[in-house]
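K.L.:
Structure provided below as structure tokens; questions to follow.
Nothing in this text is a laboratory measurement; each read-out follows from the coordinates by a stated rule. As the structure is a prediction and not an experimental result, all values here were calculated from the model. Note: ideal-geometry Cβ built from the backbone for every residue, glycine included; neighbour counts use all protein chains shown.
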């Protein structure tokens, strides 16, 4: 029995039995893209497997660019792959189900639009950023780099993490409250926001001798032990660190954030994009996980990373860390905690007393900076950060020979 016309798949022609459907897709120039489910043969109840489907591409001289298997898989999908030319264009393809190898039993048509190359510039924010603040950071990066690099269009995307937002109490909630109070008493000269290395992310929270265990032990020892522990953190920088760590422990990063980041990267990669990923402070912890997952799941995709004030002990690309960054350099005071070496020396602190914020320090165009200690200023923080981003863009979108 024939299905009513209104129920037929878009772009499909059906005479009897299963019907073919075909998607129209876009692919950047010079890209090879797998298309596992662009063409599908299905009945209302589901896909029809092991069926011969003929696929042609117009113009005929370009047919070699679309390579498809001969038969549908168990889900009714026909696996294809497409190799894009060097210039933007539009190709039309036609799929025909050959029932008992008789053509025109069911057919479907779609287009493959080849677009100019696009690189996604992704921003991974630091902790305690609202989504609006993370958007402001991305806007600053967009104004720094511009809409395109050479002939490559740039697409800007936020990879937001909600670290520090309310997500329920944890076992460390009481400890957090005590140390936040103590931090408020001692944190008179530093800004209110701190981004720090998170032990929980690396699974070290229960390791004997970890900072978390030392803090818990100090709390259990009572008021004297707690007082001695606080007194040992004599500098306001370290007090700010403890305050920040306690707040992290009360509302830690979630696996949902890291999973969402990777899923978004994979979806963009499947559209044919390459990546430059920029992370600030604790966002570097998230970008490391995302980058590693992308490389494992999409090994042919090009991606480079720029680390700004990295709170992570490891990096996946070049980094910038200012000598006046009280937050990250303060981590050196805790044994066994490693951070990247200082590689930018600034003239004065400016309005950002922490020396740590993205816009106030690392995108500041008004201060001189040197890339070696004891030398004269040869750049600015903003110019130096831009240089790192341009170098990363060159890795994924080099000039044509």
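K.L.:
Going by how many other Cβ atoms sit within 10 Å of their own, how do 97, 345 line up, fewest first?
P.N.:
Final ranking by Cβ density, sparse to dense: 345, 97.
K.L.:
For segment 281-389, what is the relative contact order in percent, using Cα pairs closer than 8 Å and at least 6 residues apart in sequence?
P.N.:
RCO, segment 281-389: 20 percent.
K.L.:
Another question, then. Between residue 379 and residue 92, what is the label-to-label distance in nm when each label sits 7 Å out along the Cα-to-Cβ direction?
P.N.:
5.2
K.L.:
Figure the gain on full extension for residue 343 and residue 79 (residue separation times 0.36 nm, minus the Cα-Cα span) and round it to one decimal in nm.
P.N.:
Fully extending the segment from residue 343 to residue 79 adds 90.2 nm.
K.L.:
In nm, to one decimal, how far is the residue 71 label point from the residue 26 one, both placed 7 Å along Cα→Cβ?
P.N.:
3.7
K.L.:
Can you sort 357, 379, 96, 263 by how many other beta carbons sit within 10 Å, fewest first?
P.N.:
Fewest-to-most Cβ neighbours within 10 Å comes out as 263, 379, 96, 357.
K.L.:
Multiply the residue separation of residue 387 and residue 302 by 0.36 nm, subtract the distance between their alpha-carbon atoms, and state the gained length in nm to one decimal.
P.N.:
Contour length minus the Cα-Cα distance gives 28.7 nm.
K.L.:
Among 20, 353, 35, rank each residue by its count of other Cβ atoms within 10 Å, from fewest to most, as a rough exposure measure.
P.N.:
On the way: 20 28, 353 15, 35 20.
So the residues, fewest neighbours to most, are 353, 35, 20.
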